[in-house]
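Below: the structure, in structure tokens.
The values are calculated or read from the model by the stated rules, or taken from the named source; none is laboratory data. Computed from a predicted structure; not experimentally measured. Cβ sites come from the backbone with ideal geometry, for glycine too, and all protein chains shown count toward neighbours. Just the protein is used for accessible areas: all its heavy atoms, side chains included, with ligands, DNA and RNA removed. Shrake-Rupley method; radii C 1.70, N 1.55, O 1.52, S 1.80 Å.
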Amino acid sequence: MSHSTFPAHVTLVDVGLRDGLQNEAQPVAAADKIELVHRLQAAGLREIEVTSYVSPKWVPQMADNAQVMAGIQRQPGVRYSVLTPNMKGFEGALASRADEVVIFAAASEAFSQRNINCSIAESIERFRPVAEAAKAHGMKVRAAVSVALGCPYQGDVSPDAVEDVVKRLLDIGTDHVGVADTIGVGTAGRVTAVMERAMKHVPLAELSGHFHDTYGQALTNIYASLQLGVHIFDTSIAGLGGCPYAKGATGNVATEDVVYLLHGLGITTGIDLDRLVDAGAFISGVLGRKPVSRVSNALLAKRATA
Ligand code: HMG
Ligand code: MG
């Protein structure tokens, strides 16, 4: 397929604050999370997944959700989304004036049980009122199909299973569907096959890819998705996410690495890579380590010698 089929513009949704920090063993202060939101929007991000309204017993890292949402200075044109597993989570999202709620259903039964303690069918029924309430309040509903490229408990996941969950999510009123490689095992051929299935039901304007980089395939999987015209991706600043306790998965592909790829292809993102690198260096400093981004580390090294 030729480069001429690539989209001219790609939208990145930074999920580092939620998908990344939910996996960090060390606590991050709400003030630092708020500072990261400000730095991301200053760098040009227009979609930021800020936090999740889940059980603090399950995910203590997100227990400061309301505090973080209340502390951010909202910038016009930026969409602030939050993850909500049930109506209780939705109430929190509503009180915090989130623009969008993120729901998630697994493409494997085993993962659904471990992640949210219920079957796929039960999870869809839990999300139905969430989607309805979100619509009633003018909020957008984004859904992720987890373990779409492989499951840590079940192993292989078929494109049929992914397509089935996509259809069920659309049935309950989901506006947007993300195909998620939760544990980063997918390779380009399989990503193409699964995306093509999703594209049978979801318009390209509302379809995205969410690739963890565990096996180093995320950039290639994004490239394969771009060739199909997919032009929205979740990425994580500084590659946040993953820890010794989170079985199997590392963080999402780093936002910095994806921006470098896209700009190199002549695809616009609206993101200033230098300011993005600053944002990644900031949160990595808070965590006391280097960014998990080859591009970020290369650019920081170049700056240091300049
Ligand atoms: P449960 O224990 O089955 O639920 O958990 P429950 O209804 O029996 O409630 C148990 C307790 O949790 C109760 O409190 C509830 O009030 C409370 P208690 O009476 O014991 O004091 N509770 C809540 N508290 C705050 N906010 C809520 C909430 N709901 C119940 N929304 C539940 C079910 C879904 C809550 C739980 O399993 C949970 O929170 N799981 C965490 C799921 C999660 O955050 N996973 C990571 C995000 S998904 C992801 O990362 C994948 C994604 O990135 C895409 C990809 O890569 O695949 C999106
Ligand atoms: Mg994820």
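Taken across the stretch 239-246, residues that are touching a Ser or Thr at 6+ places or on another chain (Cβ under 9 Å), away from ligand 1 (no atom under 15 Å from the Cβ), of a type in the set (Gly, Ala, Ser) and modelled with pLDDT of 95 or more do not occur at all. Filtered by the rule that a residue be outside any helix (DSSP H, G or I) and more than 15 Å from ligand 2 (Cβ to nearest atom), the stretch 185-194 gives a lone residue, 187.
For the stretch 18-41, filtering for residues that are touching a helix residue (DSSP H, G or I) at 6+ places or on another chain (Cβ under 6 Å) and in a helix (DSSP H, G or I) leaves 9.
For (1) within 11 Å of ligand 1 (Cβ to nearest atom); (2) under 28 Å from residue 35 (Cβ atoms), each residue gets a yes or a no:
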{"position": "99", "(1), (2)": "no, yes"}
{"position": "109", "(1), (2)": "no, no"}
{"position": "138", "(1), (2)": "no, no"}
{"position": "143", "(1), (2)": "yes, no"}
{"position": "161", "(1), (2)": "no, no"}
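Here's the yes/no breakdown for (1) within 14 Å of ligand 2 (Cβ to nearest atom); (2) in contact (Cβ under 8 Å) with a residue 40 or more places away in the chain:
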| position | (1), (2) |
| --- | --- |
| 79 | no, yes |
| 86 | no, yes |
| 100 | no, yes |
| 117 | no, no |
| 120 | no, yes |
| 127 | no, yes |
| 131 | no, yes |
| 138 | no, no |
| 145 | yes, yes |
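Set side by side, the residues 124, 172, 103 differ, and just one is touching a Lys or Arg at 6+ places or on another chain (Cβ under 9 Å) and within 13 Å of ligand 1 (Cβ to nearest atom), which is 103.
Mind checking whether some residue in the stretch 30-40 is within 16 Å of ligand 2 (Cβ to nearest atom) and β-branched (Val, Ile, Thr)? Checking the stretch 30-40: not a single residue is within 16 Å of ligand 2 (Cβ to nearest atom) and β-branched (Val, Ile, Thr).
Given the options 12, 36, 40, 17, name the one that is more than 21 Å from residue 230 (Cα to Cα), within 16 Å of ligand 1 (Cβ to nearest atom) and not β-branched (Val, Ile, Thr). After applying the criteria, what remains is 17. For beta carbons closer than 9 Å, sequence separation of 6+ or different chains, a first residue in the stretch 54-77 that is exposed (fewer than 14 other Cβ atoms within 10 Å of the Cβ) and a second that is small (Gly, Ala, Ser), the qualifying pairs are 56/63; 70/96. If we scan the stretch 22-29, do we find a residue that is over 20 Å from residue 291 (Cα atoms) and open to solvent by less than 20 Å² (accessible area, probe 1.4 Å)? No - not one qualifying residue is present in the stretch 22-29.
Within the stretch 165-180, the set of residues being of a type outside the set (Gly, Ala, Ser) and either within 16 Å of ligand 2 (Cβ to nearest atom) or within 13 Å of residue 127 (Cβ to Cβ) (or both) comprises 165, 168, 169, 170, 171, 172, 174, 175, 176, 177, 179.
Exactly one residue out of 186, 209, 155, 178 is in contact (Cβ under 8 Å) with a residue 40 or more places away in the chain and of a type outside the set (Asp, Glu), and it is 178.
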